[in-house]
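Nothing in this text is a laboratory measurement; each read-out follows from the coordinates by a stated rule. Quick caveat: nothing in here was measured; it's all calculated off a predicted structure. So basically every Cβ, Gly included, is an ideal-geometry build from the backbone, and we count neighbours across all protein chains shown.
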Number of protein chains: 2
Amino acid sequence: MALVNEQFLSLPGSYLFSEINRKVVEYKSLHTEASLIRMGIGDVTKPLVKAVTDAMHQAVNEMAAAETFRGYGPEQGYRFLTEKIIEHEFASKGINLSPDEVFVSDGCKSDMGNIGGLFSRDNVIAVTDPVYPVYVDTNVMEGRAGNLLESGQWSNIVYLPCTADNGFVPSLPEKPVDIIYLCFPNNPTGTTLTRTQLKKWVDFALNTGALILFDAAYEAFISEEDVPHSIYEIEGATQCAIEFRSFSKTAGFTGVRCGYTVVPKTVTAFSKTTGNAVLNGMWNRRQTTKFNGVSYITQRAAEAVYSSEGRKQCMENIAYYMENASIIREALKGIGFEVFGGINAPYIWFRTPGKEDSWHFFNRMLTEINVIGTPGVGFGPSGEGYIRLTAFGSKEDTQTAMKRFQSWNY
Amino acid sequence: MALVNEQFLSLPGSYLFSEINRKVVEYKSLHTEASLIRMGIGDVTKPLVKAVTDAMHQAVNEMAAAETFRGYGPEQGYRFLTEKIIEHEFASKGINLSPDEVFVSDGCKSDMGNIGGLFSRDNVIAVTDPVYPVYVDTNVMEGRAGNLLESGQWSNIVYLPCTADNGFVPSLPEKPVDIIYLCFPNNPTGTTLTRTQLKKWVDFALNTGALILFDAAYEAFISEEDVPHSIYEIEGATQCAIEFRSFSKTAGFTGVRCGYTVVPKTVTAFSKTTGNAVLNGMWNRRQTTKFNGVSYITQRAAEAVYSSEGRKQCMENIAYYMENASIIREALKGIGFEVFGGINAPYIWFRTPGKEDSWHFFNRMLTEINVIGTPGVGFGPSGEGYIRLTAFGSKEDTQTAMKRFQSWNY
């Protein structure tokens with residue numbers, strides 16, 4: 001008789017965005033004339049840039065002709081792409097990587113979920129709070145989370161609060177942990193760590209044998225000098241960290257699907273039977289066994305992100321979104337809100353006036369000024385009393401939304 | 001200290017195709033003038049059909065314009081595609097499915113690997129022998145395989161021999177099993193089951209509570225009336241089977257990446273805590289948590305496979321490959337070989353003359369007639385003494401290879 005994975009069943013349904021959607025649909029059905037502005041979901045709105053779509057048309061033409069058709073490619077990604085990634089993202093920052101340390105995939109979310117298969121159930125996981133739910137949910141599925149507590153947290157997971165009180169810089173854990181998820185620039189708070197702050201985590205990992213899973217999906221939005229784009233800018237990180245990157249926000253690939261994961265050959269985890277095990281080889285085996293690579297057309301599109309036109313065009317889009325971020329930041333600060341993020345990330349995280357609870361304030365935003373945000377508590381208990389806004393809308397919508405905030409007697 | 005998944009480490013390196021490649025490269029370096037014909041790897045060679053590339057160009061244009069750009073799509077796939085799949089693949093055969101029972105993905109291999117996460121480590125797995133290595137390897141990674149035996153088989157896996165002696169029809173297992181992998185039309189043998197033969201497996205699963213994971217990646221190559229394209233043509237299968245499909249061979253998508261998995265809402269597995277658990281909801285939760293859907297452009301390409309031009313053009317390519325299969329079958333039979341497959345599948349499986357061992361005969365094919373096959377033993381002990389050839393080459397190469405067999409004093 002086929003038996004299910006019982007841990008999987010302990011995972012409650014995904015609640016946050018479906019609950020937001022339910023409330024929006026309900027409101028809209030009662031107020032059909034309302035002009036809602038959506039600032040809740042982290043999806044891009046600008047179309048693909050010309051360098052990218054030109055490359056895609058070209059690749060489609062290649063796939064249409066017998067002489068240039070490509071069937072199965074390397075599961076790890078084509079060299080033409082991994083070499084460009086290394087050149088522009090890492091070598092340019094003095095980080096040495098070889099092409100077989102970079103694995104192209106259909107996105108960060110897949111890789112951050114699938115990487116768990118390499119590790120024992122006995123690892124203690126640490127995550128920041130608030131946190132991107134995928135890190136936790138995938139560990140629940142794999143049996144590392146323990147029991148669901150009334151707080152909505154899990155008994156075996158170590159949560160590292162990030163709030164205005166600690167400047168959104170998580171403290172090192174007080175008990176031993178084995179695998180640490182860090183996402184900087186952070187989703188949902190939009191905050192970052194400086195090199196010095198990140199170095200503490202690398203040193204901690206090196207000293208304790210912990211592994212850092214570093215989500216750098218938003219690095220392209222960094223504007224400040226002292227904020228590292230890659231964890232490998234920190235000495236020793238190639239011994240203890242795996243980094244996850246994505247073209248989703250950098251190049252508007254949310255509907256195209258391409259990302260990559262860097263697994264330096266020097267990163268190991270401990271095996272009771274063989275001592276140190278090299279994670280690069282394990283991830284390679286995982287990907288060649290359970291994955292068949294990314295569409296040739298998509299990989300040519302990603303390569304075009306690194307052409308001179310591609311870089312220029314993508315940077316223009318990022319600048320557009322970051323102007324929105326600035327509009328939001330300044331407007332909300334102007335009316336006296338405590339505002340975080342939005343300088344090195346497309347997310348703005350603000351404290352509700354009077355520390356009103358997140359869902360209550362979300363509801364008032366929806367019904368009183370018709371602006372849709374995301375309740376911070378949806379990302380974890382330390383998000384209570386915060387709202388996340390995203391900068392991915394149009395400039396016009398962003399400005400209109402801010403005018404509504406400014407004239408709102410909240 | 002980060003701890004690895006020890007079971008993962010017990011998996012030996014992937015050997016078969018790298019070993020073939022090593023031998024070919026070595027031979028080629030010593031005989032640079034040799035004109036090698038590759039009939040070993042199951043990759044298509046004909047370019048994408050016009051209906052598909054037209055749809056891709058159109059979709060790229062949509063992604064280039066703000067009004068038609070698409071960001072994140074549904075992780076399960078767009079309705080425009082799942083509805084077409086249901087109409088053409090299932091409803092046309094009297095099988096009723098709803099769109100939320102079909103999950104679009106980047107391919108069969110990913111889904112067949114990832115599905116294991118839904119199940120307990122305690123399940124006993126059954127596979128046919130010879131077998132597509134991914135079924136076994138993914139279960140090793142997840143701790144269900146036990147220990148590696150000297151035979152190359154695993155102590156906890158039940159192997160179901162498929163040889164000429166039983167007409168490549170596996171017998172029902174003698175001991176209880178929980179999850180059964182079936183692939184028909186079969187890779188590597190190219191053989192099939194009739195409706196009556198498959199019904200025995202469905203009845204067995206219904207009677208014992210076992211689950212069938214049915215790989216139907218090659219169904220488009222079926223030419224005989226009595227061979228089911230879908231397991232759901234068999235009464236009761238929607239209670240006990242998950243089916244995996246792919247556009248890779250049907251439409252030449254090996255470099256494009258699209259497949260789909262059918263999980264009827266009536267399929268359950270047993271939970272010690274909750275009784276029967278509905279696998280549709282679990283797979284939905286897995287995909288929404290660890291996957292972000294397939295490229296919009298790829299989904300439009302897959303949709304175009306179902307247009308009237310697309311169907312006609314894809315069928316022409318399949319007919320081309322199946323003519324190759326027929327050329328191979330007839331030529332090898334003509335020189336007295338025992339030949340299987342090649343009627344409902346693009347694979348031909350033949351017994352080596354005098355039951356010479358697979359690798360020895362592979363080497364002689366390579367060095368004496370410069371034709372590259374795949375040693376059957378690479379797919380499992382019951383493949384010893386067989387060779388797999390694929391029909392995916394050009395007609396000219398296929399004919400030349402057969403002439404070499406015909407004039408070979410093997």
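Its DSSP H runs of at least 4 residues, each contributing -39,500 (n - 2.57), put the calculated 222 nm mean residue ellipticity of chain B at -10000 deg cm²/dmol, to the nearest 500.
Summary value for chain B: 23 percent relative contact order, contacts being C-alpha pairs under 8 angstrom separated by 6+ residues. Listed by chain and number, the lysines placed with their C-alpha closer than 27 angstrom to that of A:Lys272 are A:Lys175, A:Lys290; residues fewer than eight positions away on the same chain are left out. What separates the A:Glu235 label point from its copies, with the point 7 Å along Cα to Cβ, is 7.5 nm, written shortest first.
The packing ranking, built from the mean of other Cβ atoms within 10 Å per residue, places the peptides B:286-294, A:95-103, B:324-332 in the order B:286-294, B:324-332, A:95-103, highest first. Once the Cβ-Cβ distance of A:Glu67 and A:Asp165 is raised to the sixth power relative to R0 = 45 Å, the FRET efficiency obtained is 0.10. Distances between copies of B:Val25, taken at a point 7 Å out from Cα along the Cα→Cβ vector and listed shortest first: 5.4 nm. The mean number of partner chain beta-carbon atoms within 10 angstrom of a residue's beta-carbon across peptide A:116-122 is 5.
Is region B:15-150 rounded, prolate or oblate when judged by the Cα gyration tensor, a ≥ b ≥ c being the square roots of its eigenvalues, rounded requiring a/c under 1.5 and prolate requiring a/b larger than b/c? In terms of gyration-tensor shape, oblate.
Extending 7 Å from Cα along the Cβ direction at A:Glu316 and again at A:Glu224 yields two label points whose distance is 2.9 nm.
The listed peptides A:337-347, B:360-370, ordered by packing as a protection proxy, come out as A:337-347, B:360-370 (highest mean of other Cβ atoms within 10 Å first).
Highest mean first, what order results for A:8-18, A:298-308 on Cβ atoms within 10 Å?
A:298-308, A:8-18
Inter-copy label distances at B:Lys93, using a point 7 Å along Cα-to-Cβ, come to 5.0 nm with the shortest given first. Under the criterion of Cα pairs below 8 Å and six or more residues apart, the relative contact order for region B:67-307 equals 25 percent. Region B:60-135 and region B:251-268 have Cα centres spaced 3 Å apart. Peptide A:272-278 is shielded by partner chain Cβ atoms: per residue, an average of 3 of them sit within 10 Å of its Cβ. Peptide A:207-220 has a mean of 1 when you count, residue by residue, the C-beta atoms of other protein chains within 10 Å of its C-beta. Modelled spin-label separation between B:Lys265 and B:Leu148, with each label point placed 7 Å from Cα along the Cα-to-Cβ direction: 4.4 nm. Under the simplified labelling scheme, the A:Thr367-B:Ser407 pair shows an inter-label distance of 8.7 nm, with each label point 7 Å from Cα along Cα→Cβ. Using θ = phi - 60° in the Karplus curve 6.51 cos²θ - 1.76 cosθ + 1.60, the 3J(HN,Hα) couplings for region B:182-196 round to 10, 10, 9, x, 7, 9, x, 7, x, 8, 9, 10, 7, 4, 5 Hz; x is entered for Gly and Pro.
For chain B, rounded, prolate or oblate, judged on the Cα gyration tensor with a ≥ b ≥ c (square roots of eigenvalues), a/c < 1.5 rounded, else prolate if a/b > b/c? Since a/c reaches 1.5 but b/c is at least a/b, the shape of chain B is classed as oblate. If R0 is taken as 30 Å, the Cβ-Cβ distance between B:Phe204 and B:Arg79 corresponds to a FRET efficiency of 0.30.
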